[in-house]
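Handing you this structure, nothing more for now.
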Amino acid sequence: MSSEPSIFFSDVNERQGSFLRRTFVLGGLTTLGITALVGRLGQLQVIQAREYATLASNNQFNFRLVPPPRGLIKDRNGVVIAGNRPSFRVLVLRDETKDLDQTLDLLGRLLPDTVDRRRAIIRDVNAAPRFSPVPVKSDLTWEEFARVNLYANELPGVMADMNDARYYPFGGAFAHVVGYVAKPNERDVQAYRDKGQTPPPILFNPGFRVGRQGLEKSLDTALRGDAGGNRVEVDARGRVVGEDLAGSRPAVQGSEIVLTLDNDIQQRALEVFGEEAGSCVVMDVRNGDILAMVSSPSFDPNLFVSGVPSKIYRALADYERRPLLDKALGGTFAPGSTFKPVIGLAALKRGVDPSRRIVCNGSFFLGRRFACLGRHGALDMRGAIKASCNVYFMTLATEMGPDAIAETARNMGFGQTFDIDLPGQKAGLVPDREWRRRNPVRGDPKWYPGETPSYGIGQGALTVNALQLAVYTSRIANGRKAVTPRLVKSVGGVETRRTAFADLPYDPDLVQVLRDGMEAVTAAGGTGFRNSQLGLGAVRMAGKTGTAQARNYGSGSRKGAGRPWDQKDHNLFIAYAPTDNPRYAVSVIVQHGGLGGGTAGAPRAREVMKVALLKDPEIRARIEQEGFEAPEDAGAREAEARGEPVEGAAIEDAAAEAAPPPVSEPPQ
């Protein structure tokens, strides 16, 4: 039985249904994909069109910050004492250099002094952000600038341009007051982060500078201004190919600062010091304006703008006369005999009769002998100030004690700092019994009577600075008001607020006693006569000399001849003028100036005071009307015939200022 093949046919309807299902699935997926694609394209081209246009523009254009010019600092007469000047510089852009070492080699041939700074340059370049130029050298001469541009094609990544640099036209005359600027460092950046703030981008700009000392530091925010920016077109590598002027914005210069200082007086004050170390402050006794505040020796702040070489900085820092220290505010010294009017005022406040006479036999005894300048005999207060008698003021001091002296000293401006927008002030020290309790000597908190005589003649633990001496002299000269100093006259055209002066807690008649004595100091026979004569006719100056010991001489001589500089005494002088209608006060401290406040301090104060007086229109008119008269020497010759001293050194010599050094242990 044979089998026959059989053929099976599927249902036509079943095959058609399977095809339709596959077509439907594929069509649905295709439609879904097309819909998603169209939706995404719509989102990109319609909804997010502006956003992506901005991103594309940002890829094409960069906004590069431009440092603002710092605000000008001027003196009271509009003379610029801190300004800006154009400066040529060379920069390196790491991202455009093929070989940094080779580029620096070629640059070193054009600018040989960059070779010594090669390591520092490489460090700065590697630390800089991308496409951020790094200064290699600033303040190029025209020849150097032209040389770099001549070989620009052979120096990829090197560019030379011009920027604004800080400039101090009078060099060291205002260095300690104005300060200087320098490049921001890591501490400046960290200071923002410590406050929880993001450092401003301008801080990383190679041309930006921040204040480092003086007013440049304390008023840095006002002086900075607002950064501008250039909108530049860049290629794919970030290189500038054009500039969009419409999208750029100019930088806004910082606020202008006007000071109370007078350029002529300031420069003269520094000039008279020569090579000597010390400080000088001139104040207007009527309103407290500081006309001059000088520390000598000084330094050139222009050196610090672009970075001072380490050798120069080390030389400044190691020099024994400390040019980097502001001695007017941060240098404290014993005031010596310039403090004696404080003793007199404290005694007058407690009822002492200024006509009371105290006999000076050449020595004061309290446990031991304290020397004086020979035998003055019986002196009243005015005569004691004139002769600078130690015995007189030691007697008053021991009768009152340290607390009464300290109270008057603080009322006259000592032991405090003043709001003049300058950092670095030292308050000095006005000792009293409470201070001794807080600072015992070998565990002993008691103030011993043997410490008071030194206090009475401005020695011992007492220390002051030149600004305090000027304030103290201004208050004596004013006679009624507790004058306080002012240094900044206006910021951005807005006058600084001035508070009313408090009344001095002393009868003006009592203060007049001190003024009478100080006028006698500069009169014939006074301790400062020879070197304090202004030669301006009837316009005369009153003052007080002082010498402060720098070390314990034991039984040896205090004369400075032959001694090393740092072993000589400090020389001080305070003064005001005119005597009949005081306007200006001056204080001078000559560090290690030698024996005698009338020999080193008085002539310098005289020269500075003459400039201040002659610049005053009213006083100058008075002088011209009365005519110049040379001071008469008849009184001096009579004083010499009587054997009275007329030279400053003769008064403030070993006997007059032979005060003990600060007490280190209770006297026995």
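The values are calculated or read from the model by the stated rules, or taken from the named source; none is laboratory data. Here the structure is a predicted model, which is why all the values come from computation and not from measurement. Backbone-built Cβ (ideal geometry, glycine too); neighbour counts: all protein chains shown. Surface accessibility is based on the protein's heavy atoms, side chains included, excluding ligands, DNA and RNA. Shrake-Rupley method; radii C 1.70, N 1.55, O 1.52, S 1.80 Å.
Restricting attention to the range 320-339, report how many residues are touching a Lys or Arg at 6+ places or on another chain (Cβ under 7 Å) and either more than 13 Å from S295 (Cβ to Cβ) or of a type in the set (S, T, N, Q) (or both).
3
Residues that are in contact with a helix residue (DSSP H, G or I) (Cβ under 6 Å, 6 or more places away or on another chain) and open to solvent by 60 Å² or more (accessible area, probe 1.4 Å): which helices (runs of 4 or more DSSP H) entirely in the range 121-234 hold 1 or more of them?
Details: elements: 142-150, 175-178, 186-194, 214-218, 220-224.
Once the helices (runs of 4 or more DSSP H) in the range 121-234 are filtered for at least 1 residues that are in contact with a helix residue (DSSP H, G or I) (Cβ under 6 Å, 6 or more places away or on another chain) and open to solvent by 60 Å² or more (accessible area, probe 1.4 Å), what remains is 142-150.
State which residue pairs qualify: first residue closer than 21 Å to G254 by Cα and inside the range 187-208, second residue polar (S, T, N, Q) and open to solvent by less than 90 Å² (accessible area, probe 1.4 Å) in any location, beta carbons under 6 Å apart, and separation of 6 or more residues or different chains.
That search, which allows pairs on different chains as well, returns G207/N163.
For residues that are open to solvent by 60 Å² or more (accessible area, probe 1.4 Å) and in contact (Cβ under 8 Å) with a residue 40 or more places away in the chain, scanning just the range 425-445, find the one that is farthest from V483 (Cα to Cα).
Result: R442.
Right, another one. Mind checking which residues of the range 102-116 are touching a residue at least 12 places away in the same chain (Cβ under 8 Å) and either open to solvent by 50 Å² or more (accessible area, probe 1.4 Å) or among the hydroxyl-bearing types (S, T, Y) (or both)?
Hits for the range 102-116 are T103, L106, D113, T114.
Might you check whether a residue that is closer than 30 Å to C372 by Cα, of a type in the set (K, R) and open to solvent by 10 Å² or more (accessible area, probe 1.4 Å) occurs anywhere in the range 598-606?
Looking only at the range 598-606, we keep the residues that are closer than 30 Å to C372 by Cα, and these are 598-606.
Restricting the remaining residues to those that are of a type in the set (K, R) gives 604, 606.
Those left that are additionally open to solvent by 10 Å² or more (accessible area, probe 1.4 Å): 604, 606.
Looking for residues that are closer than 30 Å to C372 by Cα, of a type in the set (K, R) and open to solvent by 10 Å² or more (accessible area, probe 1.4 Å), one finds at least one in the range 598-606, hence yes.
Taking the conditions exactly as written (at pLDDT 90 or above and over 18 Å from P453 (Cβ atoms)), does N390 satisfy them or not? Break it down into steps so the answer makes sense when it comes.
Values: at pLDDT 90 or above: yes; over 18 Å from P453 (Cβ atoms): no.
No: the conditions fail for N390.
Which residues, taken from the range 445-462, are assigned to a loop (DSSP other than H, G, I, E, B) and among the aromatic types (F, W, Y)? Write out each step before concluding.
Within the range 445-462, the first condition is being assigned to a loop (DSSP other than H, G, I, E, B), and the residues that meet it are 445-448, 457-462.
Within the range 445-462, W447, Y448 qualify.
In addition: Go through the range 255-283 and report how many residues are open to solvent by less than 10 Å² (accessible area, probe 1.4 Å), under 27 Å from E495 (Cα atoms) and either aliphatic (A, V, I, L, M) or more than 19 Å from the chain's Cα centre (by Cα) (or both).
8
Checking M381 against (1) under 17 Å from G460 (Cβ atoms); (2) in contact (Cβ under 8 Å) with a residue 40 or more places away in the chain, only one condition comes out false. Which one?
So the condition that M381 fails would be (1).
I'd like to check something: does the range 463-473 contain any residue that is β-branched (V, I, T), in a helix (DSSP H, G or I), surrounded by 24 or more Cβ atoms within 10 Å (Cβ to Cβ) and free of Cβ contacts under 8 Å to residues at least 40 places away in the same chain?
Here is the first cut: in the range 463-473, the residues β-branched (V, I, T) are 463-464, 471, 473.
Going one step further and asking which of them are in a helix (DSSP H, G or I), we end up with 471, 473.
Cutting the leftovers down to surrounded by 24 or more Cβ atoms within 10 Å (Cβ to Cβ) gives us 471, 473.
Going one step further and asking which of them are free of Cβ contacts under 8 Å to residues at least 40 places away in the same chain, we end up with none.
Scanning the range 463-473 turns up no residue that is β-branched (V, I, T), in a helix (DSSP H, G or I), surrounded by 24 or more Cβ atoms within 10 Å (Cβ to Cβ) and free of Cβ contacts under 8 Å to residues at least 40 places away in the same chain.
Residues in the range 388-406 that are more than 37 Å from the chain's Cα centre (by Cα) and open to solvent by 10 Å² or more (accessible area, probe 1.4 Å): how many?
4
Here's something else I'd like to know. For the range 535-546, what are the residues that are outside any strand (DSSP E or B) and open to solvent by less than 10 Å² (accessible area, probe 1.4 Å)?
Selection gives G537, M541.
Out of all the residues in the range 586-593, is one or more open to solvent by 10 Å² or more (accessible area, probe 1.4 Å), at pLDDT 85 or above, in a loop (DSSP other than H, G, I, E, B) and under 25 Å from A371 (Cα atoms)? Break it down stepwise before answering.
Narrowing the range 586-593 to residues open to solvent by 10 Å² or more (accessible area, probe 1.4 Å): 591-593.
If we keep only those that are at pLDDT 85 or above as well, we get 591-592.
Checking which are in a loop (DSSP other than H, G, I, E, B) leaves us with 592.
Add one more test, that the residue is under 25 Å from A371 (Cα atoms), and what stays is 592.
For the range 586-593, residues open to solvent by 10 Å² or more (accessible area, probe 1.4 Å), at pLDDT 85 or above, in a loop (DSSP other than H, G, I, E, B) and under 25 Å from A371 (Cα atoms): present.
I would also like to ask the following. Name the single residue, out of those in the range 348-376 being surrounded by 14 or more Cβ atoms within 10 Å (Cβ to Cβ) and free of Cβ contacts under 8 Å to residues at least 24 places away in the same chain, that is farthest from P505 (Cα to Cα).
H376
When the range 286-308 is examined, which residues are found to be open to solvent by 10 Å² or more (accessible area, probe 1.4 Å) and of a type in the set (D, E)?
Result: D300, single match.
Between a first residue in the range 309-326 that is loosely packed, with under 13 Cβ neighbours inside 10 Å and a second residue that is aromatic (F, W, Y), which pairs have beta carbons less than 8 Å apart while being 6 or more apart in sequence or on different chains?
Listed pairs, sorted by first residue: E320/W565.
Of everything in the range 355-397, what is more than 25 Å from F573 (Cα to Cα) and either of a type in the set (D, E, K, R) or in a helix (DSSP H, G or I) (or both)? Give them in sequence order.
Scanning the range 355-397 gives R356, R357, R368, R369.
Read through the list (1) hydroxyl-bearing (S, T, Y); (2) in contact with a Gly (Cβ under 8 Å, 6 or more places away or on another chain); (3) open to solvent by 40 Å² or more (accessible area, probe 1.4 Å), then give the number of the only condition that Y448 fails.
Condition not satisfied by Y448: (2).
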